[in-house]
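What follows is one structure encoded as structure tokens, with my remarks underneath.
The values are calculated or read from the model by the stated rules, or taken from the named source; none is laboratory data. Every value quoted in this text rests on a predicted model; they were computed, and no experiment measured them. Here the Cβ positions follow ideal geometry from the backbone for every residue, glycine too, while neighbour counts run over all protein chains shown. Accessible surface areas use protein heavy atoms only, side chains included; no ligands, DNA or RNA. Shrake-Rupley method; radii C 1.70, N 1.55, O 1.52, S 1.80 Å.
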Amino acid sequence: MAPRALGADLLVRHLGNWRTSSRAGPAYLGLADAIRLLIIDGRLPVGARLPSERALAEALRVSRTTVTAAYTQLREDGYLNARRGARSTTALPVTPTAVAATTSAPTLSLAAAALSAPASAVMTAFAEAAHDVTPYLQGMGHELVGATALRQAIAERYSERGLSTDPDEVMVTTGAIHALGLILTAYIRPGDRVLVEQPTYHGALSAITTAGARPVPVAMTEDGWDLDALEAAVHQLAPNLAYLIPDNHNPTGHTLAAADRKRLAHIITETRTRTIIDETITDIWLDQPTPPPLAAELASRRDLVLTVGSMSKSFWGGLRIGWIRAERNTIATLAALRPSVDMGTAILEQLTAARLLAQRDALLPERREILRARRSHLRSLLQQQLPDWQPGSGAGGLSLWVRLPAPMSTALSAAALRLGLELPAGPRFGVDGTLERFVRVPYALPEEQLTEAVGLLARAWHSVTGTAAPEPTTIVV
């Protein structure tokens with residue numbers, strides 16, 4: 001595959017007001033710094049071709065000498081690869097892999113963004129499902145598309161949200177990753193390209209690469225999606241599939257606005273790009289409800305969209321219940337290949353999930369309230385102990401996407417693990433090792449555990465940066 005070409009206009013938009021945000025000194029160093037940070041943050045994909053020196057100089061209204069010197073500096077620092085007769089391509093310097101030495105398993109984990117179960121409701125649902133399972137005991141118990149009761153409950157939920165759905169447009173899976181794997185098996189071949197957001201859910205990246213496909217990233221901005229860049233990437237790369245998280249995005253917490261959903265639907269329709277919409281965190285809105293499902297915007301080409309959902313974030317990950325909402329022909333295609341993967345999802349868990357979905361209006365508000373309180377607590381802790389960290393503006397989901405003062409996410413992760421705290425490094429949520437200036441900090445843990453975790457984070461950060469912790473504030477009564 002030919003390297004992606006970055007136009008001068010697109011790069012200028014990414015650079016923004018680089019003159020005032022860069023270091024003092026020669027202009028070429030400021031430009032080199034700005035481009036380097038775009039590469040580190042994943043805003044520019046690794047391996048992409050930069051504009052020619054002449055084109056970028058004209059677009060920035062600087063001398064060609066400035067651009068030439070900036071490119072030279074970036075090549076010397078390892079952020080550009082140059083070939084004779086070809087445009088330079090973005091790169092990351094080769095550095096030794098950081099290995100964390102620890103003598104025991106971590107005592108605290110910020111790796112998973114998920115709440116514990118609403119225990120009483122789940123136990124009651126299991127007890128009731130044990131009675132519901134009786135009719136299924138007369139058969140083999142293999143339900144390739146899922147138990148009728150659960151498919152009906154899922155279909156009703158979509159219809160309530162503005163996407164008319166029949167039960168035969170739903171397939172129940174053993175979790176969202178299982179759903180994603182089935183879709184990849186059906187529509188992807190080794191070497192195919194799958195367009196993804198940058199950053200994105202790390203489990204999806206693993207599933208894509210395991211299927212032999214190549215994730216190609218489109219960088220998100222501080223405010224959400226850059227649909228111009230996404231549209232340009234689709235036209236230029238013609239991906240075989242796209243994977244997007246428009247609701248309470250993992251890890252940034254952003255939700256795609258209603259007007260932008262219409263434009264995204266137009267891009268999908270115009271380019272005929274089959275798209276997976278991950279809705280596993282749709283219910284975890286904290287400030288404003290999410291808009292109707294994206295598939296509702298594609299009245300004429302809903303066959304292009306496969307929507308994936310799950311019980312894991314809304315209710316409990318231990319259920320291992322997910323689903324795919326798609327057109328009937330698509331569900332039939334997936335059902336035909338499923339026996340090569342498995343023979344269906346456990347019946348008792350499906351019936352339990354159906355019972356819980358029937359209680360969603362009673363259970364979900366309380367869970368959102370718990371998360372609002374924990375989000376506020378986490379923001380307060382970070383402000384007190386790590387004031388230089390910059391949490392993003394995303395308002396939903398289960399975590400904060402935090403910008404660090406320096407690109408040291410991997411070193412921070414290793415240092416935290418040595419202290420007994422598990423925290424995935426930022427590059428785990430991206431492609432090609434970028435996102436070293438970011439870290440995902442979930443707020444799903446109880447407040448006392450969040451307090452302990454942030455204390456360990458602060459110790460780890462000060463150990464890798466060599467800085468002193470802020471002086472504690474003394475309150476005089």
For this session: Considering each residue of region 13-64, count those that are β-branched (V, I, T) and at pLDDT 85 or above, and give that number.
Result: 4
Exercise. Hey, does region 352-373 have a residue that's open to solvent by 60 Å² or more (accessible area, probe 1.4 Å), without any contact (Cβ under 8 Å) to a residue 12 or more places away in the chain and among the charged types (D, E, K, R)?
Worked result: yes
Exercise. Does region 419-436 include one or more residues that are among the charged types (D, E, K, R), under 26 Å from A219 (Cα atoms) and modelled with pLDDT of 95 or more?
Worked result: no
For this session: Report, ordered by the first and then the second residue, all pairs with beta carbons closer than 7 Å, sequence separation of six or more or different chains, a first member in region 163-185 that is acidic (D, E), and a second member that is assigned to a helix (DSSP H, G or I).
Result: D166/A155; D168/R328; D168/I331; E169/A155; E169/R328; E169/I331
Problem set entry | Residue among T269, T252, T275 that is hydroxyl-bearing (S, T, Y) and in contact with a Phe, Trp or Tyr (Cβ under 7 Å, 6 or more places away or on another chain) | T252
For this session: Answer yes or no: is there a residue in region 122-141 that is open to solvent by less than 50 Å² (accessible area, probe 1.4 Å), on the phi > 0 side of the Ramachandran plot and modelled with pLDDT of 85 or more.
Result: no
Exercise. Within region 340-354, is even one residue acidic (D, E) and either closer than 23 Å to H131 by Cα or in a strand (DSSP E or B) (or both)?
Worked result: yes
Exercise. Looking at region 123-147, which of its residues are of a type in the set (A, V, I, L, M, F, W, C) and assigned to a helix (DSSP H, G or I)?
Worked result: M123, A125, F126, A127, A129, A130, L137
Exercise. When the residues of region 415-438 are filtered to those that are in a helix (DSSP H, G or I), open to solvent by 10 Å² or more (accessible area, probe 1.4 Å) and touching a residue at least 60 places away in the same chain (Cβ under 8 Å), which remaining residue is farthest from R214 (Cα to Cα)?
Worked result: R418
Exercise. Out of all the residues in region 218-240, is one or more among the charged types (D, E, K, R) and under 21 Å from V170 (Cβ atoms)?
Worked result: no
For this session: State yes or no: is S463 over 24 Å from I39 (Cα atoms) and either assigned to a loop (DSSP other than H, G, I, E, B) or in contact (Cβ under 8 Å) with a residue 24 or more places away in the chain (or both)?
Result: yes
Problem set entry | Unmet criterion (only one of (1) touching a helix residue (DSSP H, G or I) at 6+ places or on another chain (Cβ under 9 Å); (2) open to solvent by less than 50 Å² (accessible area, probe 1.4 Å); (3) assigned to a helix (DSSP H, G or I); (4) not small (G, A, S)) for V402 | (3)
Exercise. Restricting the search to region 31-66, which residues are in contact with a Phe, Trp or Tyr (Cβ under 6 Å, 6 or more places away or on another chain) and more than 23 Å from Q198 (Cα to Cα)?
Worked result: T66
Exercise. Looking only at strands (runs of 3 or more DSSP E) that fall completely inside region 191-260, which ones have 1 or more residues that are acidic (D, E), free of Cβ contacts under 8 Å to residues at least 60 places away in the same chain and open to solvent by less than 30 Å² (accessible area, probe 1.4 Å)?
Worked result: 193-198
Exercise. Within region 89-119, how many residues are modelled with pLDDT under 85 and either aromatic (F, W, Y) or touching a Lys or Arg at 6+ places or on another chain (Cβ under 7 Å) (or both)?
Worked result: 3
Exercise. Do we have any residue at all in region 439-448 that's buried (at least 23 other Cβ atoms within 10 Å of the Cβ), assigned to a strand (DSSP E or B) and not hydrophobic (A, V, I, L, M, F, W, C)?
Worked result: yes
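For (1) out of contact with any helix residue (DSSP H, G or I) (no Cβ under 6 Å at 6 or more places or on another chain); (2) hydroxyl-bearing (S, T, Y), each residue gets a yes or a no:
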{"position": "R13", "(1), (2)": "yes, no"}
{"position": "A34", "(1), (2)": "no, no"}
{"position": "E58", "(1), (2)": "yes, no"}
{"position": "V62", "(1), (2)": "yes, no"}
{"position": "T72", "(1), (2)": "yes, yes"}
{"position": "Y79", "(1), (2)": "no, yes"}
Exercise. What number goes with the only condition from (1) without any contact (Cβ under 8 Å) to a residue 12 or more places away in the chain; (2) farther than 26 Å from Y158 by Cβ; (3) not aromatic (F, W, Y) that P289 does not pass?
Worked result: (2)
